[in-house]
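Working notes for the structure below.
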Amino acid sequence: MTDRHTLERALREAGVPEAYYWIEGVHEPTPTPPDFVYLRTRPGGPADRPVGGPTGGAAGGATEGGTTWETGVYERGAHEPVATHDSEAGACDHLRTLLGV
């Protein structure tokens, strides 16, 4: 998958229930399900941390492209990150893996 819109379409076509996933800016179910896997830009990422700073790169803050992506699980009212990604495509692939599609 190269982008969130393509991923969402593929998940729909594969019959993945809409309440199982949340994709920032593309698929944000309302009301919010009690638990789901998610893909979002990393909170406190690019806008808060300069590239090359103490937490720069894939392990922490902003990347050269300007956005760090996060995949994870939302349970009991809390986001639990599983991984961070340097690219939207990498995050999309990982979310698809988390959903077993």
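Laboratory data are not the source of any read-out in this text; all were calculated from the coordinates shown. The structure displayed is predicted, hence computed values, not measured ones. Here the Cβ is made from the backbone with ideal geometry for all residues, glycine too, and neighbour counts use every protein chain on show.
Protection proxy ranking for 23-35, 68-80, using the average of other Cβ atoms within 10 Å per residue and placing the highest first: 68-80, 23-35. Computed over neighbours whose Cβ is under 14 Å from that of A14, the net charge equals 0, Lys and Arg +1, Asp and Glu -1.
Computed from the C-beta positions of L99 and T32, the FRET efficiency with R₀ = 22 Å rounds to 0.80.
The label point for A78 and the one for T41, both projected 7 Å from the Cα toward the Cβ, are 2.6 nm apart.
Once R0 is set to 22 Å, what does the formula 1/(1 + (r/R0)^6) return for the Cβ-Cβ distance between S87 and A10, expressed as a FRET efficiency to the nearest 0.05? According to the calculation, E is roughly 0.80.
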